[in-house]
1. Here's a check for you: in the range 149-170, which residue that is of a type outside the set (Val, Ile, Thr) and assigned to a loop (DSSP other than H, G, I, E, B) is nearest to residue 5 (Cα to Cα)?
2. Within the range 133-148, is even one residue at pLDDT below 95, hydroxyl-bearing (Ser, Thr, Tyr) and in a helix (DSSP H, G or I)?
3. Of the conditions (1) closer than 14 Å to residue 112 by Cα; (2) touching a Cys at 6+ places or on another chain (Cβ under 8 Å), residue 147 satisfies every one except a single condition; which number is it?
4. What are the residues in the range 120-152 that are closer than 20 Å to residue 91 by Cα and in contact with a Pro (Cβ under 7 Å, 6 or more places away or on another chain), if any?
5. So in the range 114-125, with the set limited to residues that are within 21 Å of residue 30 (Cβ to Cβ) and not aliphatic (A, V, I, L, M), which one is surrounded by the fewest Cβ atoms within 10 Å (Cβ to Cβ)?
6. Quick check, is residue 35 under 26 Å from residue 150 (Cβ atoms), out of contact with any Lys or Arg (no Cβ under 7 Å at 6 or more places or on another chain) and open to solvent by 100 Å² or more (accessible area, probe 1.4 Å)?
7. What are the residues in the range 45-66 that are open to solvent by less than 60 Å² (accessible area, probe 1.4 Å) and either modelled with pLDDT of 95 or more or more than 22 Å from residue 111 (Cα to Cα) (or both), if any?
8. Restricting attention to the range 126-170, and to residues there that are among the polar types (S, T, N, Q) and surrounded by 15 or more Cβ atoms within 10 Å (Cβ to Cβ), which single residue is nearest to residue 86 (Cα to Cα)?
Amino acid sequence: MNQYIRYINNIEIKISLYCNRLTSNNKFIFYFNRIITSTADWWMYLIYAILLLIIIDYNIAINAIILGSIAYAYHYPIYYIIKNTTKRNRPFNQDGTNIKCLVKPPDKYSMPSGHTSGITITTLIIFYYFPDTNILLIWPLLIALSRIFLGVHYPSDTIIGCLLGYLCYY
């Protein structure tokens with residue numbers, strides 16, 4: 001089992017390093033990923049709630065905000081426990097990876113991706129209330145990729161983050 005985990009870890013390091021080098025060497029990719037990742041910063045959820053209250057029917061907005069609040073109330077303790085139990089170093093903190101940190105991470109550890117889990121919850125709530133917005137289902141994927149490209153998460157961190165967001169939503 002240990003050998004299998006090392007094998008997966010090596011693949012993740014190679015993927016992360018490749019994505020990070022692309023981002024480091026291309027300003028368009030760098031700024032694209034910085035903009036994408038910022039749409040899942042914690043304070044953006046306040047902006048989204050305010051926009052809902054301004055743009056759509058008040059009752060629908062309140063219901064969406066309540067649903068989000070409940071989902072996030074489940075999310076944060078689970079996220080915190082996983083983060084502080086696994087204590088997985090971020091890719092740029094791993095010795096010998098040469099991965100650069102291209103954005104300031106919100107905390108010390110890598111597993112799971114809070115940006116990916118949070119935006120998964122938000123996307124599912126929006127999709128629930130506005131089923132015609134299925135194009136938004138790409139949003140968590142873009143956030144997950146941006147976190148890898150910016151050197152702050154491994155692919156498995158973002159996958160676990162997406163699963164956590166999905167579970168907390170339901």
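The values are calculated or read from the model by the stated rules, or taken from the named source; none is laboratory data. In this text the structure is predicted, and so the values were computed from the model without any measurement. Neighbour counts are summed over all protein chains in view; Cβ atoms, including those assigned to glycine, are modelled from backbone coordinates with ideal geometry. In case anyone asks, the SASA skips ligands and DNA or RNA and just uses the protein heavy atoms, side chains included. Shrake-Rupley method; radii C 1.70, N 1.55, O 1.52, S 1.80 Å.
1. Keep residues of the range 149-170 that are of a type outside the set (Val, Ile, Thr), which gives 149-151, 153-157, 161-170.
Filter once more, so that each one left must be assigned to a loop (DSSP other than H, G, I, E, B): 150-151, 153-154, 170.
On the way: 150: 23, 151: 20, 153: 17, 154: 14, 170: 30 Å.
Here the residue is 154.
2. yes
3. Going through (1) closer than 14 Å to residue 112 by Cα; (2) touching a Cys at 6+ places or on another chain (Cβ under 8 Å) one by one, residue 147 breaks only (2).
4. Selection gives 148, 151, 152.
5. Looking at the filtered set, the residue picked out is 116.
6. Values: under 26 Å from residue 150 (Cβ atoms): yes; out of contact with any Lys or Arg (no Cβ under 7 Å at 6 or more places or on another chain): yes; open to solvent by 100 Å² or more (accessible area, probe 1.4 Å): yes.
Yes.
7. 48, 49, 52, 56, 61, 62, 64, 65
8. 156
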